[in-house]
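Step one of this worksheet: look at the structure below.
The values are calculated or read from the model by the stated rules, or taken from the named source; none is laboratory data. Given the structure is predicted, the values throughout are model-derived calculations rather than measurements. Here the Cβ positions follow ideal geometry from the backbone for every residue, glycine too, while neighbour counts run over all protein chains shown.
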Amino acid sequence: MRSLFKRRKRVLLLDDDVSMQRLVARLLGNQGFRVDVFLTGNQAIAALKKQAYDVILLDLMMPHEGGMTVIRHLRVNDPRSLKRSILLTASPDSLIGALSGEVKTVVQKPFEAQQLIDAVRLMSET
């Protein structure tokens, strides 16, 4: 018998801005996603070692252990997960361009709510 309930897609969010964490978690939660929020790259890496995520949202511009910490970890330990990663950033275009071959999507801050929802939904379906 098939389950009546679909598994909620899991999203890892790494961002050091508490207001951004709340906004993204609320937007995606309202769309049916389960969002796990982390303040540091090392916390996110520890979670990735324990749990599979359908989408990984990474802020690059953080003072310590940001999205680049996670990207370096994934390059070595789980390169396929990079293709499930979305950069959620206000980083300079040159940095984003250098990573564009590794990550699938970039959502520039500030962003429109629907833009983020669409990017996460599309990523979670692949």
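Which one of these is surrounded by fewer than 17 Cβ atoms within 10 Å (Cβ to Cβ), closer than 20 Å to Lys104 by Cα and acidic (Asp, Glu): Asp59, Asp78? Even if it seems obvious, please write down each step before you answer.
Numbers: Asp59 fails: surrounded by fewer than 17 Cβ atoms within 10 Å (Cβ to Cβ).
The match here is Asp78.
Of all residues in the range 12-44, how many are more than 18 Å from Thr89 (Cβ to Cβ) and among the β-branched types (Val, Ile, Thr)?
Qualifying residue count for the region: 0.
Could you tell me whether the range 76-93 includes any residue that is assigned to a strand (DSSP E or B), at pLDDT below 85 and either touching a strand residue (DSSP E or B) at 6+ places or on another chain (Cβ under 6 Å) or among the polar types (S, T, N, Q) (or both)?
Step one: filter the range 76-93 for residues assigned to a strand (DSSP E or B), giving 85-89.
Imposing the further condition that a residue be at pLDDT below 85 reduces the set to 89.
The next check asks that each one be either touching a strand residue (DSSP E or B) at 6+ places or on another chain (Cβ under 6 Å) or among the polar types (S, T, N, Q) (or both); those that pass are 89.
Yes: the range 76-93 contains one or more residues that are assigned to a strand (DSSP E or B), at pLDDT below 85 and either touching a strand residue (DSSP E or B) at 6+ places or on another chain (Cβ under 6 Å) or among the polar types (S, T, N, Q) (or both).
Yes or no, residue by residue, for (1) among the β-branched types (Val, Ile, Thr); (2) surrounded by 21 or more Cβ atoms within 10 Å (Cβ to Cβ); (3) out of contact with any strand residue (DSSP E or B) (no Cβ under 7 Å at 6 or more places or on another chain); (4) closer than 19 Å to Lys104 by Cβ:
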site: Lys6; (1), (2), (3), (4): no, no, yes, no
site: Val18; (1), (2), (3), (4): yes, no, yes, no
site: Phe33; (1), (2), (3), (4): no, yes, no, yes
site: Ala47; (1), (2), (3), (4): no, no, no, no
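Within the range 53-69, does at least one residue satisfy the condition of being farther than 15 Å from Val120 by Cβ and modelled with pLDDT of 95 or more?
Going through the range 53-69, the residues farther than 15 Å from Val120 by Cβ turn out to be 60-69.
So of that shortlist, the ones also modelled with pLDDT of 95 or more come out as none.
No, that holds for no residue.
Any residue at all in the range 36-45 that's part of a helix (DSSP H, G or I), among the β-branched types (Val, Ile, Thr) and at pLDDT below 95? Don't jump to the end; show me each part of the working.
Pass one, the range 36-45, residues part of a helix (DSSP H, G or I): 41-45.
Of the ones still in play, those that are also among the β-branched types (Val, Ile, Thr) are 45.
Filter again for at pLDDT below 95, leaving none.
Checked against the condition, which is being part of a helix (DSSP H, G or I), among the β-branched types (Val, Ile, Thr) and at pLDDT below 95, the range 36-45 yields no hits at all.
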